[in-house]
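Structure, as structure tokens:
The values are calculated or read from the model by the stated rules, or taken from the named source; none is laboratory data. Keep in mind the model is a prediction, meaning the values are calculated, not measured. Here the Cβ positions follow ideal geometry from the backbone for every residue, glycine too, while neighbour counts run over all protein chains shown.
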Amino acid sequence: MAQRTLARYLTEEQRDKGVITGDLKFLIEIVSRACQAISIAIGKGGLGGVLGEAGSDNVQGEAQKKLDVLSNEILLEANEWGGHLAAMASEEMDLPHLVPNRFPKGEYLLTFDPLDGSSNIDVNVSIGTIFSVLKCPEGADLSTPEAAEQAFLQPGTAQVAAGYAVYGPTTLLVLTVGDGVAVFTLDREQGQFVLTQENAQIPADTKEFAINMSNRRFWEAPVRRYVDEMVAGREGPLGKDYNMRWVASMVADVHRIMTRGGIFMYPMDEKVRDKGGKLRLMYEANPMAFLVEQAGGAATTGRQRILEITPDKLHQRVPVILGSKNEVDRVTGYHAD
């Protein structure tokens, strides 16, 4: 039986299910090729001179790695010419990137975190790229980057596609177009992503959790209660032993959950309260929430469903609790007590 490449999978989704358009198919293929290029750059490591600091800060005030800058450039250059996009927004850039006038414009908006988990680059731990696709509102003002920001401020329920690439021992692309979650593995010899899992499902119950325990003293009471109950193990109120796993790369932690279940938490705490949370709604929380829900999981801030938040700014931050549904429901319920 012939391998189902990403291109073939998208063609079938378009032809048989009608969940994507030809332009969206082309957009996803272009993003996947950009992820291949990023994977190659990461694979060269020190041989390619891409490790270490870039000597600049991003809009968040965080020091950029050389690969942050390179990955951002790869995604921008790959996607601006194809005629399927109206504009792009990146975690690494203050304002949206408009499609240059010399290129045709399309009906979609692309947002991305070009390289998630940057702190792990130099120690050779799995990192990734996260992306999300929205429809550009009809009549949106795209005359300037400042004006274009308004077009992106849509709730996560408006996403038409989302995905992430994880650059680990193998390079994987995990994708949803609103019809379940599919996992593709990069065949490096062929230079193609090949379907290796369809209809990925997150178990509703779990015995694994991911959280930065060093922040415990800053957490709100509901999260402290939940984690204390897990740590109490079989003798505690939850009646089972849990393991903690924390990579500090959202893509790596979420992919583990997508593979075998678990709960990932970057909750509200006193260190980030003035910012609204730690993770970015548009570039991290929304696409991951879309993927997790499509795989049968849940994603909340602790107080509301992430996908129902209407953003008021491009780089808005939110608390994130996502993964196995029963565990997410439990800790979300503690916030309501």
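Could you tell me which numbered condition residue 147 fails, if it satisfies all but one of (1) farther than 30 Å from residue 326 by Cα; (2) among the hydrophobic types (A, V, I, L, M, F, W, C); (3) surrounded by 15 or more Cβ atoms within 10 Å (Cβ to Cβ)?
Unmet for residue 147, out of (1) farther than 30 Å from residue 326 by Cα; (2) among the hydrophobic types (A, V, I, L, M, F, W, C); (3) surrounded by 15 or more Cβ atoms within 10 Å (Cβ to Cβ): (3).
Among the strands (runs of 3 or more DSSP E) lying completely within the range 59-136, list those that include at least 2 residues that are within 19 Å of residue 288 (Cα to Cα) and either in the same structural domain as residue 34 (by TED's automatic domain parsing) or of a type in the set (D, E, K, R) (or both).
Details: elements: 63-65, 85-90, 108-116, 127-135.
Ranges flagged: 85-90, 108-116, 127-135.
What number of residues within the range 27-45 satisfy the criterion of being surrounded by fewer than 18 Cβ atoms within 10 Å (Cβ to Cβ) and either touching a His at 6+ places or on another chain (Cβ under 7 Å) or basic (Lys, Arg) (or both)?
The total comes to 2.
Hey, among 95, 110, 153, which residue is crowded, with 24+ Cβ neighbours inside 10 Å, touching a residue at least 60 places away in the same chain (Cβ under 8 Å) and on the phi < 0 side of the Ramachandran plot?
Values: 95 fails: crowded, with 24+ Cβ neighbours inside 10 Å; 153 fails: crowded, with 24+ Cβ neighbours inside 10 Å.
It is 110.
So which of 101, 58 is under 25 Å from residue 152 (Cα atoms) and either at pLDDT below 85 or surrounded by 14 or more Cβ atoms within 10 Å (Cβ to Cβ) (or both)?
Details: 101 fails: either at pLDDT below 85 or surrounded by 14 or more Cβ atoms within 10 Å (Cβ to Cβ) (or both).
Residue meeting the stated conditions: 58.
Please go through the range 118-150 and give me each residue that is more than 24 Å from residue 41 (Cα to Cα), under 22 Å from the mean Cα position of the chain (by Cα) and free of Cβ contacts under 8 Å to residues at least 60 places away in the same chain, ordered by number.
Correct list: 134, 135, 136, 150.
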